[in-house]
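The block underneath contains the structure these notes are about, expressed in structure tokens.
The values are calculated or read from the model by the stated rules, or taken from the named source; none is laboratory data. What you see is a predicted model, and the numbers here were worked out from it, not measured in a lab. Here Cβ is always computed from backbone atoms with ideal geometry, including for glycine, and neighbour counts include all displayed protein chains. The accessibility values were calculated without ligands, DNA or RNA, using every heavy atom of the protein model including side chains. Shrake-Rupley method; radii C 1.70, N 1.55, O 1.52, S 1.80 Å.
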Amino acid sequence: MASTSAAASSSKYAKHRRIGDEEEEEEEEEAEEAEEELERFDDFTIASSWERFISEIEAICRQWLADGPNILMQKGAESVPSFDNLYVVKRELKHGKRVYCMEYHFMKSAKGKHSYWDDDTHSMQLSFGVYEFLIIAPLSASGVVLDDPESTKLLSSVAIALSNCGGNWPAFVPVHDPSRKAYIGIQNLGTVFTRRFEADRIGSQVPIRLMHLEGLHELFLSKFILSSTDFPARVKVNFSMKLTYRTPEYDYDNEETLMSEANESIAESEVANHPKKQWDDDCSWAEWYSAEDPVKGFELTAIWGERVFEETLEMAEVENASSFDADRWLLHPIVSPYMVDDSIGKFVGFASQLQLLVKAFESSAEAQFLEDFVADTSGQENSKSTVTVPPPSVVDRVMKDLFNDEIGNSNYVEAENKYGRAMKGAPSDSLFAQFCLHALWFGNCNIRAIAVLWIDFVREIRWCWEESERLPRMKSTSSIDLCTCLIHQKLHMLAICIERKKSLSREKGTDHAHEDGISNSVAQNKIRKGSAGVVPSMLLLNTFQEMHAPYTQDALLMTEDMHEERLHAAEAFGNAVGLSGQLERDVLSSDMSAFKAANPDAVFEDFIRWHSPGDWVSEDRAEGSSGWPPKGRLSQRMSEHGNMWRKIWNDAPALPVSEQKSLLDPIREGEKVLHYLETLRPQQLLEQMVCTAFKSSADILNRTTYGGFKLMKTKMDQLYATLASTLKSLQGKSDISDLSDDLKRLCQVFEHIEKLLILAASIHRKLTDAPHLAQATFADYFNYYLPKMGTSLESVCYEKEFTAKEKVGMHERDAVSNLFPPPTANQSWRKVLSMGNLLNGHEPIQREIVFSVIERVSNGHYSSPTPLSTDEQIETHRMYISGTSNDLWVALSVTSWD
């Protein structure tokens, strides 16, 4: 029994154990199944990478919205180049492995309605009719999104972020190939309206239909009308157009070309020898160099303001209409980039050559004599051997031009500027000034070339002296102008000496005297000689005879260094009382001798009354007193004992000027001049050359006809003032090293003003019949160029483009249209397909059009409220078109309600 019960209990225990094991297995299986179910569960509380990307965009947009334009500008928003009213802020974003850049463009101040044709309008604003906008693009070489799903996802991300933060900025994503300039975009307008954007470009083979306004109008209508057969009879479409014309390259030989076309029998040799005419052939600087025309042409913008058309046929009328029917004309000069380019060799003019002359001046102290620079030093390591000199044939050509027999005496036509005489240079038409101007263009204006030219120049001057040939371009009369440089004074003295020398040769062996049949009379057996005529209301004190004025010798001619020598001699005398009489003894003695010859019975007092009335004190105070002799006396200085004048009077013989010894010894003074020129130190020569070259160059430019533009005239006055103040230091014998930087800065200033003056001359010549427009156009460029006109030796970075346009008045349109001469047969043969809107036969280089449709929307029409007020107008469709016959770019904007 016991064994049976034990067996039964053990089997029962085994059964319970199996049941327990099975339950444990079931629990484990249930746990495993539960774990598998947990692994398959998606936890939507954890954000995905796309959601995090949207959240990051939203945070940035919220910050920009909160800051507003003013704070963003304070935080460092950048100004968009060429746009004064547009700024941009940028942020980089990362999504997966791609990095994007999001840009927010905003305006400092709101633009007016229909101002999209303004120059201050960004291409995105013009294309899509927006003001502020976002652009998001990957940071890549092309900057565009090439994958359609990626671009859609990117645009959706921005749209969601803007919707979450309550922003209604339009957002754009660039797509496709960069050359297509394609965009897609979206804008949320409240809770109902959505605006979508799309833009693309046809780069070639534009359909003929789309070259004309009718076809473009139909293209716009097709965007909201299903088929052409559905076109309603009248659809009110707002239309605005901007046409840009560019003047053809002006052919200054056009008249000659037309003549040759009319007469085809002209010889080929004559055509080959016919020099091409330059634009500046009659400008003042044309004798020395030909300047590149800074005005390459003009761009004329004709704008048709907003109009409403209802039929496609009306587009043909607009296309065939004259450009004179446009509401506005704007003119923009196309200025050569060399105007703001400081690269060496880009601009060749007086300024560039003056810089070379300044370098030669710096080298002038290397030798004591000019011949040292000419000497052959090829075997030595010397800077003098590295400079080149033009061949002798060039030297001969320069000398022939300087000493041309056909050129008469210079008239010294000076520029009318109050600062002109403040510079100690030679007059621009004088012989030395012409030498300096030739030296600027002789070789590369190095010190050796200048030395060679000067030595030949002095050799020619000596030949003129020895052969008694007059010096060309020099006056041989009048007094010497001490305000000019010393070399010019010496050449003036030499010209006078040559004439005196010739006169002495003619008078040799003859007794030539000035005879006057009226004045030469016999009085008391004394012969009157050398009278120039009776002095009105003057009688001799003793004889009561008429007083005669004598012929006198010319004033004593002295150059600046001769005056200095006399002053030094006077200081050596130390006699302050008799100094004046001592220095003028020869002149005074000559005048007294001539007076005695013309008035044999004259006394010293008569001479004083004629020669120095201030030294005769009259005592006839009673009115109407006519007694004779007149009551008076000599002044105190003339009455002093031992007076120099009375002593000279007593010693002076009665000789007419024809019998007197000349005050000027032409032989001696001429040789002294030549000695000075032949022994002149290099530094002294270059000092005077620098002053004269700057002055003469400025005078030549100042003779340019530029329409009297006020700004240009002011700048020329400032140039003369700057030249006078800077070059004044050269007269003070300052050290070369101290002057070098000042002269280089002066060259920089000269170049700026020379460029502007050439520009002013070009604008004036092209717009002669529209002087107000010409002056306004120049003023625009002047204000653009003004920041560059500093005195720093470093080049100013000038990346800003010149975009200013000047409004053309109705009375000026004829003058502007003359800038577009009718094309010749050679120019127009290829223009078979035309866009229309021709101006004197020229089609526009670009045509821009804006089509739009505006509809009235009422709140009651929709179940949900709209952000627009009742009966508000909304632009439902807008298309911007830009292009030519070979290029077409279209931007479409469509507003819909969702």
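Structure values in brief
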| quantity | calculated |
| --- | --- |
| Filter result for P682 (crowded, with 17+ Cβ neighbours inside 10 Å and over 55 Å from the mean Cα position of the chain (by Cα)) | no |
| Single condition M259 does not satisfy, out of (1) assigned to a loop (DSSP other than H, G, I, E, B); (2) at pLDDT below 85; (3) more than 33 Å from the chain's Cα centre (by Cα) | (1) |
| Only listed residue being part of a helix (DSSP H, G or I) and open to solvent by 50 Å² or more (accessible area, probe 1.4 Å), chosen from E214, E198 | E214 |
| Scan of region 700-740 for residues that are hydroxyl-bearing (S, T, Y) and under 14 Å from H764 (Cα atoms), ordered by number | T704, T705, Y706 |
| Tally of residues being under 15 Å from P333 (Cβ atoms) and not aliphatic (A, V, I, L, M) across region 741-767 | 5 |
| Given (1) assigned to a strand (DSSP E or B); (2) out of contact with any Pro (no Cβ under 8 Å at 6 or more places or on another chain), index of the condition G297 fails | (2) |
| Filtered residues of region 419-474 (kept if buried (at least 22 other Cβ atoms within 10 Å of the Cβ), charged (D, E, K, R) and within 20 Å of C485 (Cβ to Cβ)) | K424, R473 |
| Identity of the residue in region 787-811, open to solvent by 100 Å² or more (accessible area, probe 1.4 Å) and of a type in the set (D, E, K, R), that ends up modelled with the highest pLDDT | K807 |
| Within region 506-560, tally of residues that are more than 22 Å from S589 (Cβ to Cβ), modelled with pLDDT under 75, open to solvent by less than 90 Å² (accessible area, probe 1.4 Å) and not in a loop (DSSP other than H, G, I, E, B) | 1 |
| The one condition in (1) on the phi < 0 side of the Ramachandran plot; (2) not assigned by the TED database to the domain that holds A774 that D717 fails to fulfil | (2) |
| Subset of region 833-864 (residues that are at pLDDT below 75 and of a type in the set (F, W, Y)) | Y862 |
| Which listed residue, of V99, V130, V89, is crowded, with 16+ Cβ neighbours inside 10 Å and not in a loop (DSSP other than H, G, I, E, B) | V89 |
| Members of region 298-355 that are acidic (D, E) and closer than 30 Å to K788 by Cα | E299, D341, D342 |
| Test: S503 is surrounded by 19 or more Cβ atoms within 10 Å (Cβ to Cβ), hydroxyl-bearing (S, T, Y) and either more than 17 Å from L674 (Cα to Cα) or touching a strand residue (DSSP E or B) at 6+ places or on another chain (Cβ under 9 Å) (or both) | no |
